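Single-structure report; data block below.
The values are calculated or read from the model by the stated rules, or taken from the named source; none is laboratory data. In this text, all values refer to a predicted model and were calculated from it rather than measured experimentally. Ideal geometry is used to build each Cβ from the backbone, glycine not excepted, and the neighbour counts take in all protein chains shown.
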Amino acid sequence: MRPRTRGFLIVLTMLVLAACATEPTPPTVKLPPFITPSSGAFPAPSELQPQVAFWRRVYSTWGRHQVALHDDRHLDIVYGVITLPGSVGEIQTTEQKDFVKGHLETLKDRLRQMEYKTAANAPLTPPEQALANHIKASSGGASAVFGASDRLRSQRGMRERFKRGLEISGRYDTVFRNVFRNAGLPEDLAYLPHVESSFQNHAASAAGAVGMWQFMPGTARQFGMINGAVDERLDPVASAHGAARYLRHAYNNLESWPMALTSYNHGVGGMRQARSIFGNNFVAIVRNYSGRGFGFASRNFYTEFLAARDIAQNPRRFFPEGLNYETPLSLDRVRLRQGASVTALASYYDVNSSELNSLNKSWNSAAQAGRIPLPAGTMVWLPAGTITRLVQRGAADQALVLADTVATAKPH
């Protein structure tokens with residue numbers, strides 16, 4: 001028997017435990033169980049609490065060196081947490097992928113055997129009985145025993161990434177909240193980048209979603225974020241305005257924030273289809289809807305948001321070691337009333353072109369090189385104090401700027 005398999009069988013004999021010894025040491029003060037509170041905009045029904053609790057563990061308990069083996073429907077069924085071998089990076093090595101695959105295959109075989117014996121009313125071995133008891137004690141109950149092998153999934157921990165996202169959010173929280181408040185939307189939507197990108201502005205998905213708010217190209221064009229010179233997906237504040245426009249549209253169509261948020265992953269049309277079958281019963285949609293493309297990510301998107309909000313609102317509970325939040329850095333922000341090249345802007349504001357480009361990463365290479373002008377309406381970030389300096393020397397030209405467009409957070 002291979003060493004990794006022998007070690008895993010030891011884990012299987014302890015399945016009644018909610019967590020494995022590989023998890024980080026908890027705080028010395030034992031805290032009562034955390035229950036996600038409901039709010040008017042963001043309800044947290046009891047049926048979804050196991051999912052929310054699972055994602056809190058992914059975000060705040062399990063590190064990137066750990067992988068949880070769990071049921072993909074009943075997320076309170078966690079069979080074990082294994083530790084990846086070797087040096088751990090953002091992407092798993094081939095050896096680490098094979099390590100996880102081996103554990104999944106071993107556990108899948110044992111679950112199948114347990115299911116077969118249970119269906120045949122045959123006696124179970126002690127490890128098989130431990131598996132069955134662990135499943136029966138979950139939110140799925142005794143019926144969850146059947147099909148457990150097909151629902152087996154692995155999830156890597158994200159504690160370090162989420163913690164860094166919390167720290168980065170200190171730079172953006174105030175301005176993001178202002179964006180949603182001014183749009184007449186719930187301010188807590190400012191937590192959404194924790195789910196989408198962990199506040200990493202360079203994030204890019206295999207499907208083509210880009211930036212902190214993870215917009216696909218088609219959606220970004222639909223909501224006015226892309227033109228021949230600018231891709232606002234790469235500007236966190238500009239894309240927050242785009243997110244506000246999208247979420248307003250989604251809420252107006254779906255009339256429910258759980259539905260609107262899930263549409264961020266599954267699309268407004270997809271959620272309309274789900275609603276046509278289950279009405280506004282969001283729990284029923286999460287549990288039973290099986291429309292095309294409505295998989296694990298879509299089923300869990302809203303509960304991931306609730307978990308991220310829980311942690312962001314109670315950071316010392318989940319990260320007792322403390323956090324080093326980034327300080328909001330003020331920049332000036334102006335809106336062009338007419339087209340202008342980077343060269344003209346640099347000259348007018350007495351700012352080096354390279355500095356302008358570094359602050360405005362949403363401009364494409366042709367615009368940054370001055371080969372094409374930035375169109376009217378473009379939001380431009382400037383070094384803090386630029387507008388004040390201009391006004392003091394009496395050079396503020398209203399043909400180029402709107403004086404009330406001042407930023408309160410650094411965009412990059």
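Taken together, Tyr325, Tyr349 contain a single residue that is in contact with a helix residue (DSSP H, G or I) (Cβ under 7 Å, 6 or more places away or on another chain), at pLDDT below 95 and not basic (Lys, Arg), which is Tyr349. Considering segment 352-370, and only residues there that are closer than 14 Å to Asp235 by Cα and in contact with a helix residue (DSSP H, G or I) (Cβ under 6 Å, 6 or more places away or on another chain), the residue that is surrounded by the most Cβ atoms within 10 Å (Cβ to Cβ) turns out to be Ser362. Is it the case that some residue within segment 311-326 is β-branched (Val, Ile, Thr), within 18 Å of Arg164 (Cα to Cα) and assigned to a helix (DSSP H, G or I)? Yes, segment 311-326 contains at least one residue that is β-branched (Val, Ile, Thr), within 18 Å of Arg164 (Cα to Cα) and assigned to a helix (DSSP H, G or I). When every residue of segment 100-121 is checked against the conditions, at least one turns out to be modelled with pLDDT of 95 or more, of a type in the set (A, V, I, L, M) and loosely packed, with under 15 Cβ neighbours inside 10 Å. Sort out which residues of segment 149-189 are surrounded by 18 or more Cβ atoms within 10 Å (Cβ to Cβ) and more than 30 Å from Asp76 (Cβ to Cβ), and write them in order of number. Ile168, Arg171, Tyr172, Asp173, Val175, Phe176, Val179, Phe180, Leu185 - these are the residues of segment 149-189 that are surrounded by 18 or more Cβ atoms within 10 Å (Cβ to Cβ) and more than 30 Å from Asp76 (Cβ to Cβ). Take Thr5 and tell me if it is modelled with pLDDT under 85, of a type in the set (Val, Ile, Thr) and not in a loop (DSSP other than H, G, I, E, B). It is true that Thr5 is modelled with pLDDT under 85, of a type in the set (Val, Ile, Thr) and not in a loop (DSSP other than H, G, I, E, B). Within segment 84-97, being surrounded by fewer than 17 Cβ atoms within 10 Å (Cβ to Cβ) and in a loop (DSSP other than H, G, I, E, B) holds for Pro85, Gly86, Ser87, Gly89, Glu90, Ile91, Thr93. Within segment 65-96, the set of residues being closer than 28 Å to Val145 by Cβ and either of a type in the set (A, V, I, L, M, F, W, C) or at pLDDT below 95 (or both) comprises Val67, Ala68, Leu69, Leu75, Ile77, Val78, Val81, Ile82. Consider segment 59-83 and keep the residues that are within 24 Å of Pro37 (Cα to Cα) and surrounded by 23 or more Cβ atoms within 10 Å (Cβ to Cβ). The one that is farthest from the chain's Cα centre (by Cα) is Ile77. Applying the set (1) over 30 Å from Glu255 (Cα atoms); (2) in contact with a Pro (Cβ under 9 Å, 6 or more places away or on another chain) to Ala68 leaves exactly one unmet item: (2).
Pick from segment 198-219 the residues that are surrounded by 16 or more Cβ atoms within 10 Å (Cβ to Cβ) and without any contact (Cβ under 8 Å) to a residue 24 or more places away in the chain: which of them is nearest to Leu247 (Cα to Cα)? Across segment 198-219, the extreme among qualifying residues is Gln214.
Evaluate segment 387-403: report whether one residue or more is crowded, with 17+ Cβ neighbours inside 10 Å, within 21 Å of Asp231 (Cβ to Cβ) and at pLDDT below 95. Checked segment 387-403: no residue is crowded, with 17+ Cβ neighbours inside 10 Å, within 21 Å of Asp231 (Cβ to Cβ) and at pLDDT below 95.
Looking at the structure I just gave you, is Ser143 surrounded by fewer than 21 Cβ atoms within 10 Å (Cβ to Cβ), outside any helix (DSSP H, G or I) and more than 20 Å from the chain's Cα centre (by Cα)? The answer is no for Ser143. Residues satisfying the criterion are absent from segment 30-53 (criterion: under 16 Å from Arg153 (Cα atoms), modelled with pLDDT of 95 or more, of a type in the set (A, V, I, L, M) and under 26 Å from the mean Cα position of the chain (by Cα)).
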